[in-house]
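Accompanying notes for the structure given below.
Please treat every number below as a calculation from the coordinates, not as lab data. The model shown is predicted, which means the values in this text are computed figures rather than measured ones. Virtual Cβ from ideal backbone geometry, glycine too; neighbours counted across all protein chains shown.
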4 protein chains.
Amino acid sequence: MSHCNDSPQRIMPPAADRALVDKLVLANRILYRQGVVDGFGHASVRHPESPSHFLLARNMAPGLVRREDIVTFELDGTALDAAGRRVYLERFIHGAIYRARPDVQAVVHSHSPSVIPFGVTGTSLQPVFHMSGFLAEGSALFEIRDVAGDTDMLISNETLGAALADALGLRSMVMMRGHGSTVVGSSVEQAVYRAVYAEVNAKLQMQARQLGDVTYLNASEAAKAATTNDTQLTRVWELWAREIGIVE
Amino acid sequence: MSHCNDSPQRIMPPAADRALVDKLVLANRILYRQGVVDGFGHASVRHPESPSHFLLARNMAPGLVRREDIVTFELDGTALDAAGRRVYLERFIHGAIYRARPDVQAVVHSHSPSVIPFGVTGTSLQPVFHMSGFLAEGSALFEIRDVAGDTDMLISNETLGAALADALGLRSMVMMRGHGSTVVGSSVEQAVYRAVYAEVNAKLQMQARQLGDVTYLNASEAAKAATTNDTQLTRVWELWAREIGIVE
Amino acid sequence: MSHCNDSPQRIMPPAADRALVDKLVLANRILYRQGVVDGFGHASVRHPESPSHFLLARNMAPGLVRREDIVTFELDGTALDAAGRRVYLERFIHGAIYRARPDVQAVVHSHSPSVIPFGVTGTSLQPVFHMSGFLAEGSALFEIRDVAGDTDMLISNETLGAALADALGLRSMVMMRGHGSTVVGSSVEQAVYRAVYAEVNAKLQMQARQLGDVTYLNASEAAKAATTNDTQLTRVWELWAREIGIVE
Amino acid sequence: MSHCNDSPQRIMPPAADRALVDKLVLANRILYRQGVVDGFGHASVRHPESPSHFLLARNMAPGLVRREDIVTFELDGTALDAAGRRVYLERFIHGAIYRARPDVQAVVHSHSPSVIPFGVTGTSLQPVFHMSGFLAEGSALFEIRDVAGDTDMLISNETLGAALADALGLRSMVMMRGHGSTVVGSSVEQAVYRAVYAEVNAKLQMQARQLGDVTYLNASEAAKAATTNDTQLTRVWELWAREIGIVE
């Protein structure tokens with residue numbers, strides 16, 4: 001499951017902007033504090049100077065990630081500066097999505113607890129409130145059996161990654177049956193926001209369904225709400241970052 | 001969504017009493033700590049010296065509000081001393097309610113999580129226990145589509161504010177479908193108390209409905225309980241304030 | 001709702017043992033930390049030297065109770081040393097139960113959240129697991145309308161207190177419809193234990209009912225389990241007390 | 001319920017490796033912090049130098065366990081170095097399982113809250129997601145009435161222990177109706193991991209069932225996932241241990 005495959009023939013991109021690396025570290029910590037990830041799950045960002053690379057922590061609990069734990073990867077999952085450290089088996093989630101989606105700049109994979117019941121019952125997440133406008137098209141569903149029969153459920157190679165990206169399509173989120181979910185964003189802040197609010201929306205949707213017939217945001221409401229919310233990302237990021245404190 | 005519209009021709013009211021400003025800051029912090037608001041939501045108080053003005057924080061997470069973040073507004077949403085800071089798009093919630101309801105001295109808008117499922121299923125909150133006597137008439141419901149078709153769900157102008165205040169009527173609370181809810185009070189303490197206990201009541205009501213037929217407080221019980229509870233506000237405010245600590 | 005009625009003609013019992021007063025203070029703090037009480041609710045203990053008196057905090061949030069806040073009462077609710085401080089309107093819960101139940105040495109009244117749905121649907125709590133053996137006879141139910149028509153739901157005089165004690169009978173717990181619940185014990189530790197585990201049992205019972213037909217402890221199992229658990233009170237009290245820290 | 005039965009004729013095995021004792025202490029603390037145990041429950045490890053012995057804390061809340069609280073037991077429940085301290089009545093759970101299962105090196109008994117509703121409704125836990133691969137065969141169920149009629153629900157002697165081990169069979173987990181559950185592992189880390197994720201799985205399974213028909217991991221997926229997860233134990237143990245801090 002671990003794979004250290006530094007390849008000296010490949011070229012390292014320029015060093016990523018320090019502020020962006022710190023933001024990625026913060027993202028990992030925020031996702032943990034907000035209950036989206038536990039000891040498992042990970043967040044990445046496309047390399048700002050080189051679109052065919054991305055940054056992702058080494059194989060470790062996201063809540064403990066530090067600046068020195070960030071590793072540079074190629075889209076095929078090859079680590080360029082792992083230096084002997086274990087890397088995530090599921091780095092292929094990130095690489096495949098960056099390859100398929102030029103618009104995506106950040107990816108969050110988690111076992112977000114309230115989302116999992118939706119994945120295992122084939123129930124799509126729909127936007128219950130304006131904060132979930134990004135779920136306008138509903139959450140996609142990836143059933144790994146359709147692609148590879150019986151597996152350990154993990155996206156552990158490029159083929160599975162491509163299949164996942166295919167299921168994701170142009171949507172903001174894909175649920176992975178019997179596993180977890182993955183959200184994408186045009187920035188680290190937006191991907192983290194979406195991961196947090198997908199979890200919130202799942203809780204609300206489960207409760208609302210128990211009360212009665214649910215009026216979801218229609219496509220137009222969701223699109224407008226998403227546009228508005230994207231102007232408020234700084235406000236909530238400031239709160240979340242403040243609660244984490246200093247990044248090392 | 002942000003709007004800095006200081007207007008030098010308008011007259012600033014006298015400086016608000018420092019203790020009241022501090023109380024408003026505490027209210028924001030308490031609402032966050034009690035889980036009624038997250039990174040979003042806001043609390044205001046009508047200006048004690050000038051009923052056509054109100055105090056509300058600048059556009060920021062309520063959990064981080066400090067004394068210097070409080071801005072003075074006119075009922076039409078015009079900020080008098082924003083000094084370049086962003087203001088809440090939804091300040092119109094507050095202004096419209098103060099205009100429509102001379103009895104209201106404080107307003108809390110939130111995405112109180114347990115309430116949202118009630119709003120999206122058109123299920124009115126009813127008083128499950130004596131702490132929710134203020135829900136005697138049930139929670140009102142505001143469906144924004146009825147007023148403005150497809151929107152981003154936000155009360156972003158005076159027309160929408162007036163429509164929301166109209167839906168609220170003389171009740172203590174209005175649920176905003178696909179968005180959140182707003183409660184009103186005759187004091188900051190009462191508005192915060194109502195926001196906290198509306199959330200509690202929503203949880204209880206959801207659980208009670210799953211167990212069987214629910215006996216709610218009747219109109220008389222609710223009215224009497226509300227009167228009694230209003231004499232206990234100091235006791236719980238003391239606890240909540242103590243847990244926040246010092247206001248800066 | 002507040003009532004300071006020190007009566008100089010009545011005799012104060014000897015000062016209560018300091019360790020017991022500290023234990024009562026701890027009980028209040030533990031109940032708050034364990035989520036059984038919030039800003040409301042209270043715990044009392046029968047005076048160790050004088051059975052016709054009991055100790056109860058002044059009217060305040062239980063989470064803030066300190067040694068100096070403990071007041072001595074007669075069973076009819078008369079405070080002997082309130083010294084101008086407000087007392088709980090519902091002190092009559094405690095007095096009436098001590099009068100009706102010579103075996104009871106401690107009483108806890110709360111708005112324990114998971115229990116309230118049972119009270120408002122007339123669903124008796126039953127022992128789901130061995131920790132709730134004390135619920136062998138089920139939780140009693142007090143419907144205040146049967147006694148006093150429409151009220152503010154509070155036990156605010158001796159008549160209501162006696163009615164509540166009558167509903168409690170010889171059981172360990174009585175649910176108060178539209179209000180909360182009250183548990184009794186032969187010691188402070190036992191009453192606190194019962195309050196905590198009634199809340200736990202309520203949660204479990206609600207979840208179990210959603211899964212299928214529930215096998216509860218039968219009367220014999222419950223009685224035996226209760227006897228065994230009573231020998232383990234010290235162990236969990238030690239944990240709870242340790243988490244509170246020093247009593248002032 | 002307490003039983004101090006040091007027996008001078010029995011031979012103490014060599015002192016257990018200090019690192020393993022510390023790991024067992026950490027296990028207790030982690031289980032408490034993760035909400036699997038409360039004031040009750042316990043974790044043990046088979047003695048590394050002597051398979052017919054095991055290590056288990058004295059009778060106390062697991063969240064307070066320290067190095068000096070660890071006691072050495074024989075499989076029949078005899079404490080060899082209790083030195084007057086009370087021992088757990090239910091040490092027989094551990095001894096009986098070690099006797100019946102040579103592959104098991106660690107045992108965790110708890111009242112894991114989300115699992116209890118499954119036990120009292122006879123609903124087997126099934127693997128909802130890849131983290132619960134160890135539930136491939138489902139959770140076993142132990143009904144104590146079948147063995148001993150009406151009891152206090154506790155495994156308080158060797159006969160009951162043997163019956164429990166019999167119900168457990170070769171599975172990873174056994175639910176104990178009206179009581180709690182017990183999980184086993186080939187290491188302390190694996191047993192703790194399984195206890196934590198059994199609780200998580202139970203929550204997910206309850207929620208999923210409310211949404212619709214659930215697709216669980218099939219036997220092959222579960223086996224593969226379990227194998228993969230066992231390579232990730234260090235990663236999550238590091239996080240959990242880091243959050244506990246220093247072991248005394």
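Summary table below
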read-out: Cα gyration tensor category, rounded, prolate or oblate, for the range C:118-239 with a/c compared to 1.5; value: oblate
read-out: Total formal charge among the other residues, if their Cβ is under 14 angstrom from that of B:Ala96, Lys/Arg +1 and Asp/Glu -1; value: -1
read-out: Restricting the range A:26-118 to GluC sites (Glu not before Pro) in coil, as DSSP defines it, with at most 13 other Cβ within 10 Å; value: A:Glu49
read-out: Residues whose placed amide H lies under 5 Å from that of C:Val71, excluding near-sequence neighbours; value: C:Leu56, C:Ala57, C:Arg58
read-out: Cα→Cβ-extended label distance, 7 Å offset, between A:Ser220 and D:Asp103, nm; value: 6.1 nm
read-out: Most mobile listed residue (A:Val25, A:Val115, A:Val214) in chain A, GNM with C-alpha springs under 10 Å; value: A:Val214
read-out: Length-normalised contact order for chain A - Cα pairs under 8 Å, 6+ apart - percent; value: 22 percent
read-out: Nonlocal amide H pairs with A:His53, under 5 Å, H built at 1.01 Å; value: A:His47
read-out: Partners for A:Lys203 among aspartates and glutamates (Cα-Cα distance below 20 Å; same-chain residues under 8 apart left out); value: A:Asp38, A:Glu137, A:Asp213, B:Asp38, B:Glu199, D:Glu199, D:Asp213
read-out: Chain B: C-alpha pair distances exceeding 33 Å, %; value: 14 percent
read-out: Under-5 Å amide H pairs with D:Met176, H placed in peptide plane, nonlocal only; value: D:Phe142, D:Ser181, D:Thr182
read-out: Total formal charge among the other residues, if their Cβ is under 13 angstrom from that of D:Thr123, Lys/Arg +1 and Asp/Glu -1; value: +2
read-out: Mean separation of Cα contacts under 8 Å (6+ apart) over length of the range D:70-163, as relative contact order %; value: 30 percent
read-out: Mean ellipticity per residue at 222 nm, deg cm²/dmol - from DSSP H runs of n ≥ 4 across chain A, formula -39500 (n - 2.57); value: -11500 deg cm²/dmol
read-out: Anisotropy class of the range C:1-124 from Cα gyration tensor, a/c 1.5 cut; value: prolate
read-out: Candidates C:Asp166, C:Asp152, C:Asp69: whichever shows maximal mean-square fluctuation once chain C is modelled as a Gaussian network with Cα springs under 10 Å; value: C:Asp152
read-out: Cβ-defined net charge surrounding B:Ala165, 9 Å radius [Lys, Arg +1; Asp, Glu -1]; value: +1
read-out: Chain D: most fluctuating residue of D:Gly212, D:Gly185, D:Gly84 per GNM, C-alpha cutoff 10 Å; value: D:Gly212
read-out: Cα-Cα pairs of the protein assembly as shown separated by more than 49 Å (percent); value: 27 percent
read-out: Rg over Rh, two decimals, the range D:56-130 (C-alpha only, Kirkwood Rh); value: 1.05
